[in-house]
Ligand code: KIV
């Protein structure tokens, strides 16, 4: 699974052959520039889910439920999840935290739901920061119990974020739904990374669990700097990148029809 937030990112992920694309609420941080995910609204999430929907033809589309969109209870959760499914085209939603009642309500409304335990960024203030979870006997037991409860409640998969490898392995062994790890070691059934982390677009923070498969941030800066230098030096555009007037024989006129976005 990989995250994506717009049409082009979704196209790339789909063509690359991933099984699932998540419009994560990391949207708030990597795309919208917020410090954390807490301020993200349903409107913002819906806007991006619609764009990602247009870019996918194969992978399963999972939409994250923003902070505050399900915290008032099952009715609020189902109502907001229905918006993401009916208007956004999501095929499943993801819920952070061990919210058994909410997951049961979504599952019984026939909305496939992915659970998410461990370092759930929406619990930032409760955790007192972004810290590895599930360390120590009590925390370990609580996470195991919560994972079983998520499966019983009807979740179809479980994201495990920033927990010790051994605990993720034990959870993956104990429950029958797939676990998808991020900072949870290699024993999970699948893995997820944030698009901007995987491609090296986000270079401000580099968590231990991120592997950068490309350096697109550097490449983008170099390309834009080259464009700016060419414009300043009068090297862009060249004649073949411009249109001529057919009545003026001194300027070449392209034979092909003009192609624009509109
Ligand atoms: O918001 C997000 O991108 C996520 C993934 C990191 C699992 O929840």
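Residues in the stretch 150-166 that are over 23 Å from residue 111 (Cα atoms) and more than 16 Å from the ligand (Cβ to nearest atom): 164, 165, 166.
Just a yes or no: is a residue in the stretch 189-206 more than 16 Å from the ligand (Cβ to nearest atom) and under 16 Å from residue 3 (Cβ atoms)? Looking for residues that are more than 16 Å from the ligand (Cβ to nearest atom) and under 16 Å from residue 3 (Cβ atoms), one finds at least one in the stretch 189-206, hence yes.
Restricted to the stretch 171-215, and to residues there that are surrounded by 18 or more Cβ atoms within 10 Å (Cβ to Cβ) and part of a helix (DSSP H, G or I), the residue that is nearest to the chain's Cα centre (by Cα) is 195. The one condition from (1) within 12 Å of the ligand (Cβ to nearest atom); (2) outside any helix (DSSP H, G or I); (3) closer than 12 Å to residue 196 by Cβ that residue 29 does not meet is (2).
Bear in mind that the values in this text are calculations on the coordinates, not laboratory data. On a predicted model such as this, the values are computed, not experimentally measured, just so you know. Ideal geometry is used to build each Cβ from the backbone, glycine not excepted, and the neighbour counts take in all protein chains shown.
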